[in-house]
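To keep things clear, I will list the structure first and then write my remarks on it.
The values are calculated or read from the model by the stated rules, or taken from the named source; none is laboratory data. Since the structure is predicted, the reported quantities are computational estimates derived from the model, not experimental observations. Virtual Cβ from ideal backbone geometry, glycine too; neighbours counted across all protein chains shown.
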Amino acid sequence: MNIHFTGIAGAGMAAVAQMMQDAGHAVSGSDQDVFPPMSTFVEGLGLPVAWRLDAANLPADLDVLVQGASAKLGGDDNVEARAARERGVRVTTFPELVGEATRNRINTVVAGSFGKSTCAALAAYVLRSCGVDAGWLVGAISPSLPATGRWGRSPEMILEGDEYIVGPNDRRSKFALYHPRRLLLTSLVHDHVNVFPTFAEYEAPFRRLLRSLPSEGLAVLRDHPAVREVAGETRARIVWYGGGEGGWRAQDEVFGDISRFDLVAPDGARTPMTTGLLGAHNIENIVGVSALLLEAGLVD
C-alpha cells in the first residue's frame with residue numbers, strides 16, 4: 001500500500017509510519033508548526049516529508065491517509081484529509097491502522113497511567129537482544145532501540161497501549177483496537193480529566209481491555225489497590241508484580257549510577273540484576289517486564 005501520514009511528527013504517528021515502512025509499504029508524511037526534537041527525528045526517518053499541509057503532498061497512487069488527532073490536524077477542514085476524501089481515498093487513524101495490520105499477530109499491549117513507554121521499550125529491547133525479531137510500537141524515543149516502530153518477522157508484537165481516545169469523533173481508547181493476547185498493566189491513576197472527568201470513567205476502558213483478553217491469555221498486573229479493583233474483569237491468567245510474596249518483586253536494592261537488586265520470582269527463586277536506569281520506579285518497570293517475558297515463555 002501507499003500510505004500518507006498527516007501529522008507524522010506525533011510520537012505515535014511516527015512510530016506507526018516506521019512500522020508500516022518496515023512492513024514493506026510506501027510511506028510519506030506531512031506536518032506543520034513542528035520543532036526539534038520531533039522535527040529532527042522525523043527528518044531522520046528517510047521518508048518523504050513536507051512541513052506544510054497541502055493537497056499537493058498526497059501521492060498520486062495513494063491508498064490510505066492516516067490523519068493525526070491533534071486540534072490542528074483532526075478536524076474536518078484538514079486540507080489533506082479533505083482532498084483524500086474527494087479522491088475516494090480512505091481516511092483513517094493510526095490506532096485503527098495498527099489494529100487492522102496486527103490482527104493476526106500475537107499482540108502484547110503495555111498499558112497504564114505511567115510507565116508504559118519505558119516498559120514497552122524494555123520489552124522490545126530484551127526480545128531484540130535475545131534474537132527475537134518482534135515488532136513493536138513505542139510512543140517515545142528510546143536510545144536502546146533503532147526505531148520507535150518496527151514490523152518484525154516473528155509473530156510477537158509489543159504495542160504501547162494508550163488509554164486516550166482515538167480522536168474527536170471516536171471516543172474509544174486507542175488500546176481498545178489492538179486485539180491483545182497478553183497485557184502488562186503498570187498503573188491506574190486518574191488522568192486525562194478532559195475526556196475522563198471521573199475516575200470511574202477513566203478506569204472503564206481498562207476494565208474493557210481486561211475483558212478483551214482471551215481465556216488462554218496472560219495479564220501481568222502491578223500489585224496496587226486500583227489495579228486489584230479491576231483485575232476480576234479478566235478471564236486470562238493473572239500474574240502479579242511489584243508487591244509481596246506470591247508475585248514477582250525486587251529485593252535488596254542498592255541504588256547508584258548502576259543499581260543492583262535481586263529479581264525474586266513467585267517461588268522465591270532469585271536472579272541478581274543490574275541497571276543503569278535511575279530510580280525505584282524503573283526497577284519496578286524491569287520487574288514487570290521480566291515477569292511478562294518469563295511468564296509468557298518468550299525468554300528463559
### Query
Name the residues in the range 40-77 that are closer than 15 Å to Gly7 by Cβ, without any contact (Cβ under 8 Å) to a residue 24 or more places away in the chain and among the small types (Gly, Ala, Ser), would you?
Ala50, Ala71
### Query
Are any residues in the range 66-92 at pLDDT 95 or above, part of a loop (DSSP other than H, G, I, E, B) and within 25 Å of Asp22 (Cβ to Cβ), and if so, which ones?
Val89
### Query
Are there any pairs, at least 6 apart or on different chains, whose C-beta atoms fall under 6 Å, with the first in the range 87-106 and touching a residue at least 12 places away in the same chain (Cβ under 8 Å) and the second of a type in the set (Asp, Glu), and if so, which?
Ile106/Glu156
### Summary
If we keep only residues of the range 97-135 that are of a type in the set (D, E, K, R) and not in a loop (DSSP other than H, G, I, E, B), then the residue surrounded by the most Cβ atoms within 10 Å (Cβ to Cβ) is Lys116
### Message
Return the residues of the range 151-192 that are under 22 Å from Leu127 (Cβ atoms) and hydroxyl-bearing (Ser, Thr, Tyr); say none if nothing qualifies.
### Response
Ser154, Tyr178, Thr186
### Query
If you check Ser28 against the conditions, is it outside any strand (DSSP E or B), of a type in the set (Ser, Thr, Tyr) and closer than 28 Å to Ala176 by Cα?
no
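Just the residues that are surrounded by 21 or more Cβ atoms within 10 Å (Cβ to Cβ) and either more than 21 Å from the chain's Cα centre (by Cα) or closer than 20 Å to Val34 by Cβ (or both), please, taken from the range 74-96. Lay out the reasoning, then the answer.
We begin by selecting, within the range 74-96, every residue surrounded by 21 or more Cβ atoms within 10 Å (Cβ to Cβ); these are 80-81, 84, 93-95.
Across the range 74-96, the qualifying residues are Glu80, Ala81, Ala84, Thr93, Phe94.
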### Message
So the check is Cβ under 7 Å with 6+ separation or different chains; which pairs have a first residue in the range 231-253 that's on the phi < 0 side of the Ramachandran plot and assigned by TED's automatic domain parsing to the domain that holds Ala265 and a second one that's of a type in the set (S, T, N, Q) and surrounded by 12 or more Cβ atoms within 10 Å (Cβ to Cβ)?
### Response
Trp248/Ser290; Glu253/Ser259
### Message
Can you tell me which of (1) in contact with a helix residue (DSSP H, G or I) (Cβ under 7 Å, 6 or more places away or on another chain); (2) part of a loop (DSSP other than H, G, I, E, B) is the one Pro197 doesn't meet?
### Response
(1)
### Message
Let me spell it out: the conditions are (1) surrounded by 15 or more Cβ atoms within 10 Å (Cβ to Cβ); (2) modelled with pLDDT of 95 or more, and Asp63 meets all of them except one. Which number is the exception?
### Response
(1)
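Residue-wise test of (1) buried (at least 18 other Cβ atoms within 10 Å of the Cβ); (2) touching a strand residue (DSSP E or B) at 6+ places or on another chain (Cβ under 8 Å).
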site: Pro225; (1), (2): no, no
site: Ala250; (1), (2): yes, yes
site: Arg270; (1), (2): no, yes
site: Thr274; (1), (2): no, yes
### Query
If you take the residues in the range 1-31 that are within 15 Å of Phe41 (Cα to Cα) and β-branched (Val, Ile, Thr), which one is farthest from the chain's Cα centre (by Cα)?
Ile8
### Message
I'd like to know if the range 154-163 contains one or more residues that are surrounded by fewer than 24 Cβ atoms within 10 Å (Cβ to Cβ) and outside any loop (DSSP other than H, G, I, E, B).
### Response
yes
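Out of the strands (runs of 3 or more DSSP E) lying entirely within the range 202-269, which hold 1 or more residues that are over 29 Å from Phe175 (Cα atoms)? Break it down into steps so the answer makes sense when it comes.
Working: elements: 218-222, 237-241, 249-254, 259-264.
The strands (runs of 3 or more DSSP E) meeting that bar are 249-254, 259-264.
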### Query
Quick check: anything in the range 40-63 in contact with a His (Cβ under 8 Å, 6 or more places away or on another chain) and either assigned to a strand (DSSP E or B) or among the basic types (Lys, Arg) (or both)?
no
